[in-house]
Structures are given as C-alpha cells and as structure tokens.
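Below you'll find the structure, written out as structure tokens, and then a few comments.
The values are calculated or read from the model by the stated rules, or taken from the named source; none is laboratory data. Computed from a predicted model, the values in this text were never measured in an experiment. Cβ placement follows ideal geometry from the backbone for every residue including glycine, while neighbour counts extend to all protein chains displayed.
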Amino acid sequence: MDIAEDMFEGYTGLRELVLADCRIYLIHPGSLSSLALPGQPAVLTDLSILNNEFLIDFSWEILRPVADSVQVSTIPQSEKKVDDRKGL
C-alpha cells in the first residue's frame, strides 16, 4: 500500500493518525499537506507510524506540513533506512 499525496484530502480536522500494521511501502512526502487549510496550521497532534515492515525509506519531509502541530509522534524503527534531517 502506498500513501498517496491526496490520500488525506478533506481531513483538515484530523487530530490523531495511526498507521499501524498497514503494509505501507511508500509515504508520499506531500501526503500530510492537505491536513491543513491554506494559510492555517494543521490540527494533527498525534502521529504514529509503526509496525509497517515494508516501509523502507522514511523522509523527514513528510512531517514538514504538520511540524508545528504534532506533539506526539512515533516513526519507523531505527533498523529501517530513515533519511537524515537535512532541510528541516
């Protein structure tokens, strides 16, 4: 399963997102950008991405659209290939 760029369109009120055991292969870097209305911050405060053994790469760019609102996050384990934080 891939998380497409438009997967969360219309979910601007989403406060918690848990992607667990979903067999995710890819998360598009812009997939969380539609969680905020234009000119307003997202309201997402809790983000968990766990137990997705097929997710090899995790780009920190994914978190950029919700960086100001997310207070709690769980991201892929360190044994996965996670890119560095350049650009954040």
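Of everything in segment 18-73 that's assigned to a loop (DSSP other than H, G, I, E, B), of a type in the set (S, T, N, Q) and under 10 Å from the mean Cα position of the chain (by Cα), which residue is farthest from Phe8 (Cα to Cα)? Step through it out loud before you land on a result.
In the first step, residues of segment 18-73 are kept if they are assigned to a loop (DSSP other than H, G, I, E, B); the result is 21-25, 28-32, 36-45, 51-56, 59, 67-71.
Imposing the further condition that a residue be of a type in the set (S, T, N, Q) reduces the set to 31, 40, 45, 51-52, 59, 69, 71.
Those still in the list that are under 10 Å from the mean Cα position of the chain (by Cα) too: 31, 59.
Numbers: Ser31: 7, Ser59: 18 Å.
Ranking the qualifying residues of segment 18-73, first place goes to Ser59.
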> Which one of these is on the phi < 0 side of the Ramachandran plot and at pLDDT 90 or above: Leu55, Leu44?
Replying inline: Leu44
>> Among the numbered criteria (1) under 15 Å from Ser73 (Cα atoms); (2) surrounded by 12 or more Cβ atoms within 10 Å (Cβ to Cβ), which one does Ala20 miss?
In response: (2)
> Given the structure, is Leu14 more than 12 Å from the chain's Cα centre (by Cα), surrounded by 14 or more Cβ atoms within 10 Å (Cβ to Cβ) and in a loop (DSSP other than H, G, I, E, B)?
Replying inline: yes
> Does Asp2 fit the bill of being modelled with pLDDT of 85 or more and either in contact with a His (Cβ under 8 Å, 6 or more places away or on another chain) or of a type in the set (Val, Ile, Thr) (or both)?
Replying inline: yes
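Among what's in segment 47-70 and is among the acidic types (Asp, Glu) and surrounded by fewer than 14 Cβ atoms within 10 Å (Cβ to Cβ), pick the residue that is nearest to Ile24 (Cα to Cα). Lay out the reasoning, then the answer.
So in segment 47-70, the residues among the acidic types (Asp, Glu) come out as 53, 57, 61, 68.
Checking the rest, the ones that are also surrounded by fewer than 14 Cβ atoms within 10 Å (Cβ to Cβ) come to 53, 57, 68.
Working: Glu53: 8, Asp57: 11, Asp68: 25 Å.
The extreme case among them is Glu53.
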